[in-house]
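As structure tokens, the structure follows; a few thoughts come after it.
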Number of protein chains: 2
Amino acid sequence: MTLKEATEIGKCLSNQTRVQIMEWLKEPEKNFPPHETLKHFNDGVCVTYIQEKAELSQSTISTYLSNMEKCGILIMTRHGKWSYFRRNEKIIKQYTQFLE
Amino acid sequence: MTLKEATEIGKCLSNQTRVQIMEWLKEPEKNFPPHETLKHFNDGVCVTYIQEKAELSQSTISTYLSNMEKCGILIMTRHGKWSYFRRNEKIIKQYTQFLE
DNA sequence: TTTATATATCTATATTTATCGATATATTGA
DNA sequence: TCAATATATCGATAAATATAGATATATAAA
């Protein structure tokens, strides 16, 4: 992991809501209602559920999640009209190892 | 570690120079000249050396280091007119465990 | 005690980020 | 095809951060 990549991750983790989202996504089944279409959380949680729980506008949360995916800490999977986001544990591990 | 505390650390790690400083402080003897007064790096590196290497103004670096100490990732030790800064590995570990 | 040096703090301005509403795009279902 | 829904993107403005120079403070050295 380069300095630049680590800094991009740091920027995503410099806002309380975004850190909170990372925490929520550790346990989707505990923090979110079940999806109607997908019967599991294997691919994470859809934007709408995250937005409702965060209580910020849809556009704000969409931008957050997009940037968090761009820097690698989230993985997005599209199913039909839904975008599901989950943690990218591999990159998160690389980041924490970089810091230590 | 609380969400708030983790976010404060994230803010410190959201700037390339500050992340760079954290990296430099992993190996002070490799990245900085020896101090004239103190003959070791046990307490870290003085502000002036960090400032010169970072090539930003003294006030900027002083503020950076002060904030990094406030959120816990650095430890400051004062010796005479010098302030020495070193990594706080314990808090860094707590932070990375929080993220994982 | 005066002077020099290291660091901290204050004030100001430029830049970046936060956040929203509006709108565009994509997909599904009627 | 058309309407509804989910998400993404755009444009604007408010708030926060970056950064410097000036100045204050603390300590050491002369």
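The values are calculated or read from the model by the stated rules, or taken from the named source; none is laboratory data. Values in this document were obtained by computation on a predicted structure and should not be read as measured data. We place every Cβ from the backbone using ideal geometry, glycine too, and count neighbours over all the protein chains shown.
The table that follows gives values for the structure above.
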read-out	value
Those residues of segment B:29-71 which are within 17 Å of residue B:17 (Cα to Cα), hydroxyl-bearing (Ser, Thr, Tyr) and not in a helix (DSSP H, G or I), in sequence order	B:57
Selection status of residue B:41, more than 12 Å from DNA strand D (Cβ to nearest atom), within 30 Å of residue A:86 (Cα to Cα), touching a residue at least 24 places away in the same chain (Cβ under 8 Å) and crowded, with 17+ Cβ neighbours inside 10 Å	no
Test for residue B:89: is it among the acidic types (Asp, Glu), within 12 Å of DNA strand D (Cβ to nearest atom) and without any contact (Cβ under 8 Å) to a residue 60 or more places away in the chain	no
Cβ-Cβ under 7 Å pairs, at least 6 apart or on other chains, segment A:1-29 side in contact (Cβ under 8 Å) with a residue 12 or more places away in the chain and facing another protein chain (nearest Cβ under 9 Å), far side part of a helix (DSSP H, G or I) and charged (D, E, K, R)	A:12/A:18
Which listed residue is within 15 Å of DNA strand D (Cβ to nearest atom), modelled with pLDDT of 95 or more and either within 22 Å of residue A:5 (Cβ to Cβ) or loosely packed, with under 14 Cβ neighbours inside 10 Å (or both), from A:84, A:64	A:64
Among (1) in a helix (DSSP H, G or I); (2) surrounded by 14 or more Cβ atoms within 10 Å (Cβ to Cβ), the one test that residue A:4 misses	(2)
Residue within segment B:39-60 that is of a type in the set (S, T, N, Q), under 14 Å from the mean Cα position of the chain (by Cα) and within 14 Å of another protein chain (Cβ to nearest Cβ) present	no
